[in-house]
Amino acid sequence: MSSVGGGLDLRGANPEGALRLAEEVVRLASAAGAGEAEALVIAGDSALTRFANSEIHQNVASSEVYINLRVAQGRRVGVASTGRIDAEGLRAVVERAVAIAGAVEELDDWAGLPPAGAGPRTPLASAWADGTATFTPEQRAAGARAVIAAADAAGVTAFGSFSMDAEAVAVASSTGIRAAERRTSSQLLTVTMGPDGGSGYAEQCSVDATRIDAAAIGREAAERARVTANPVDLAPGDYQVVLNPYAVSDITDMLGYLGFSALAVAEDRSFFEAGRRVGSDLVTITDDGTDPDGFPAGFDAEGVAKQRLVLLDRGVCRDLAYDQQTAARAHRASTGHGLPAPNPYGPFPTNMAMAPGDASLDELIGGMERGLLVTRFHYTNPVHGKRVVITGMTRDGTFLVEGGRIVGPVRNLRFTMSYLDALAGVEAVSRERRCIKGMMGGAVVPALRIGAFTFTGATAAG
Amino acid sequence: MRDLTSRALDTATALGATYADVRVVRRIEESIQIKSTRVEGVSAGETEGFGIRVLVDGAWGFAASHNLTTAEADRVAAEAVRIARASATTTRLRVTLDNRPPAHGRYETPCVEDPFGIPLDRKIGDLLAADRALNNVKGIAWTESIYAAQREWKTFAASDGSFTEQVITHIGAGLEANAIDGDEHQRRSYPDNGGLWASAGYEHVRAMDLVGNAERAASEAVELLTAPPLPAGTRTILLHPSQLYMQVHESCGHPTELDRAFGTEASYAGTSFLTPDMLNGFRYGSDLCDIVADATVPAGLGTFGWDDEGVAAQQVALVKEGMFVGYLSSRETAPRIGRQSGGAMRADGWNRIPLIRMTNVNLLPKPGMSFDDIVADTDDGLLFETNRSWSIDDRRLNFQFGTEICREVKGGKVGRLFRNGTYTGITYELWRSMDAVGDASSWRMWGTPNCGKGEPGQTGHVGHGVSGARFRNVRVGVSS
């Protein structure tokens, strides 16, 4: 197979190579008669070491390239993608995109591609760490062994994964967008389980894999599994709760998925109305691609620079995420939250953060007269999207708290609860926050104490 | 292709692999999305590459690349071996595989009308006509109609001499009408939420009669806005096939995955309450409950010639007359319970390892009554139709489902409509309460094209054949 341009080297997350490839695809599309053309290139390496029953059982790596080409002929838009970078592959992807644009009906409000000025000024250096890009299978195995050793010491068994991604992302367009950046991410997570029904969880994410403290993550999860042995039944009902950041990240995820998108608002399926109060004064949620505590990204899939958004300002709806098309429909500029075209979900805030409070986790727990401390949620799903009513289970550590002190572990409970009502009931927020990998991107979130949370069922012992 | 597969296997074994396999996969996809009569998105995708899986010192390694050259095969094979050696530093239980015979041959999904051979404008026209029909109904806020097709050319070769070639085609389409009043948002889809999927050609889409069913679906969406919420209680419930297949998927398909039972999915989706010591001794459901994993049934999303370990497609009993009797399994896991692989290892493309996945997990029909007959046989119950939400705990015991439609059944007649219908329970308690299953006239294949599993994440396409069933004493009407 011959690579385009005499052999672009896309290995090692090379943003210059990715940008040259994007420019070449745009040139080929223009030569094929496309009125407008935009190419997104993502090229890189990923690897994941997975362990279960305290041994590595799956261990994988891959090198991948993704090219997404959007062309417009007047108001007719076609999209094609490919994983091939040989001349024939590029010719074929251009041919498919142009053919689609020739076959579809006009989009009467097609916004056109973003203008050159919407692109980023400089690549975001904080998005990359050499330590992740050069992280080896042996280093990942060492991380797994550190978690396993902590589990062994506590008499429990470890399950989990240690993953890393290093990629070059580039966007070029016929309107003059030129954006290129290299990004890394890594995540270590573990579930630990004991012989008497105890289970625990811990997770750490970072741009730099070498900053992940595997032993500490192992100890955190193992201790949780040890103290959750022999959980007891608890009747469902309304309880005051403290949600660990692992659980809080599900709230930000669902709000992003169901509500903070301009398309969701345009289709009247979102709770969001600018100026509407949905949370307590203690809840501020932002989206910031430059936040070094998350997974930074300087631009979106359309090559538009990411703007900082204040999605909820002390409980009140303020900003929305826009891409080029939804922004044009609202007669404003994109905020840099577009996903690869065609995008039925609309724009998405991929770098959310919830503002910290001033309490320690112990103080949050100490403020509960009778309630539950929840480690994380499992298999959540919207029951009613517009009201953000979600159902799901607790998992890996649910504790009864009485008089401000942890009494002991309880069996997992099912909740069916509006996350908007949960935010309205926030009584206290922790100082400490964690970056948790979510549905798309990551979220930096604290622990929360909430006045009432509705549990509607419990799991069985069998 | 043999040059590349042979090179990959030779390099891997020369570097110390005691077993190796390689898959070379090319996948093409096409999708159409229409919103409120506007063609919002049409795309076509192509991806190709290869993945090498090796066993070294009793431990697994896997590496994959998009670059289909023999030089890259050498590099990737070496990387897979290096990764396996890193895995072996933690080994407590060495991997051993069952002794399936080497696989040889070719399989192709039967397609009457090749979906990739039909002009794009004709497919857009078919979908647009249906979407316009949805919009003929007054009170609809917006509509969405989708079509998608995927074809995969897959070559599998293994160090035991296996060599198979398969061409698998999957296709799906569907309509969705949305009605909104204040904060009440109701959706009605046809034939299924997210489209009805099958391994088939474009004849599958034609058979749906999308245009002919659009107005009814849209009218039901509007009707739902003013329907009362479902009151809480304990009721007899009737699960229409469009919901029953999801109940099978979540509460039988996933818990009978043997990797979950052994804990190897614990860090992501969880484990299973169906542990190996319960085989042949645990009552999972009533006597009417016969559930089979069948990779040979026509049109299923889990239908193929061989799985991604080269094990031939077959039928495996999971639940027989209510007793738990079998698992979905692999060459590595099956010997641990004294069995041969049931052929359920499937990978989501060239860059992912095969995992134990559902094939087609089917609740077998029972002679006697069609599903309509069962409804007519019910004095007082609720009919749940078309899945809207789903959730189940990490051992697959406590579930809660919501459906688009919930109608009262009184004296055998379908009547009053409720909105936001939900039901909840414990898996084995529900299946033990099943007292009627529809006959073959109500039985058909349904598909789940979005089944998530594994790290890194994989999306599986799996099938379910069901005919509808009745359950007693089920808790309904859970709401916040």
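The values are calculated or read from the model by the stated rules, or taken from the named source; none is laboratory data. Quick caveat, the model's predicted, so the values are computed rather than measured. Neighbour counts run over all protein chains shown; Cβ positions are idealised from the backbone, glycine included. Accessible surface is based on the protein model in full, side chains and every heavy atom, while ligands, DNA and RNA are left aside. Shrake-Rupley method; radii C 1.70, N 1.55, O 1.52, S 1.80 Å.
Restricting attention to segment A:377-433, the residues that are at negative phi and not in a strand (DSSP E or B) total 12.
So, restricting to strands (runs of 3 or more DSSP E) that lie completely within segment B:400-458, which ones have at least 1 residues that are within 13 Å of chain A (Cβ to nearest Cβ) and either at pLDDT below 95 or surrounded by fewer than 23 Cβ atoms within 10 Å (Cβ to Cβ) (or both)? Walk me through how you get there before you give the answer.
On the way: elements: B:413-418, B:421-426, B:434-437, B:444-453.
Here the list reads B:421-426, B:444-453.
Considered as a group, the residues in segment B:328-359 that are in a loop (DSSP other than H, G, I, E, B) and β-branched (Val, Ile, Thr) include one that is nearest to B:ASN99 (Cα to Cα), and that residue is B:THR333. A residue that is at the interface with another protein chain (Cβ under 9 Å from one of its Cβ atoms), acidic (Asp, Glu) and closer than 22 Å to A:GLU203 by Cα cannot be found anywhere in segment A:352-374. Answer yes if at least one residue in segment B:205-227 is surrounded by 17 or more Cβ atoms within 10 Å (Cβ to Cβ) and part of a strand (DSSP E or B), and no otherwise. No; the residues of segment B:205-227 include none that is surrounded by 17 or more Cβ atoms within 10 Å (Cβ to Cβ) and part of a strand (DSSP E or B). Restricting segment B:123-147 to residues that are within 24 Å of the chain's Cα centre (by Cα) and open to solvent by 20 Å² or more (accessible area, probe 1.4 Å) leaves a set whose member that is farthest from B:ARG2 (Cα to Cα) is B:GLU144. For segment A:168-192, the candidate set comprises residues that are surrounded by fewer than 24 Cβ atoms within 10 Å (Cβ to Cβ) and within 14 Å of another protein chain (Cβ to nearest Cβ); within that set, the residue that is nearest to A:VAL147 (Cα to Cα) is A:LEU189.
Looking only at residues of segment A:438-462 that are touching a Pro at 6+ places or on another chain (Cβ under 8 Å) and over 20 Å from A:SER206 (Cβ atoms), we find that the one that is most open to solvent (accessible area, probe 1.4 Å) is A:ALA458. Taking segment B:47-59 as the range and being open to solvent by 20 Å² or more (accessible area, probe 1.4 Å) and at the interface with another protein chain (Cβ under 10 Å from one of its Cβ atoms) as the test, the residues that pass are B:THR47, B:GLU48. Within segment B:68-92, the set of residues being open to solvent by 10 Å² or more (accessible area, probe 1.4 Å) and within 7 Å of another protein chain (Cβ to nearest Cβ) comprises B:LEU68, B:THR69, B:GLU79, B:ARG82, B:THR89, B:THR90, B:THR91, B:ARG92. If you go through segment A:64-79 and keep only what is touching a residue at least 24 places away in the same chain (Cβ under 8 Å), at the interface with another protein chain (Cβ under 7 Å from one of its Cβ atoms) and open to solvent by 10 Å² or more (accessible area, probe 1.4 Å), you end up with just A:VAL65.
I need every pair where a residue in segment A:93-111 that is under 10 Å from A:VAL71 (Cβ atoms) and more than 7 Å from every other protein chain (Cβ to nearest Cβ) has its Cβ under 6 Å from the Cβ of a residue that is assigned to a loop (DSSP other than H, G, I, E, B) and open to solvent by less than 60 Å² (accessible area, probe 1.4 Å), sequence separation at least 6 or different chains. Every condition considered, the pairs that remain are A:VAL94/A:ALA32; A:VAL98/A:ALA32; A:VAL98/A:ALA34.
Residues in segment B:134-149: is at least one in contact with a strand residue (DSSP E or B) (Cβ under 7 Å, 6 or more places away or on another chain) and more than 30 Å from A:LYS386 (Cα to Cα)? Yes - at least one qualifying residue is present in segment B:134-149.
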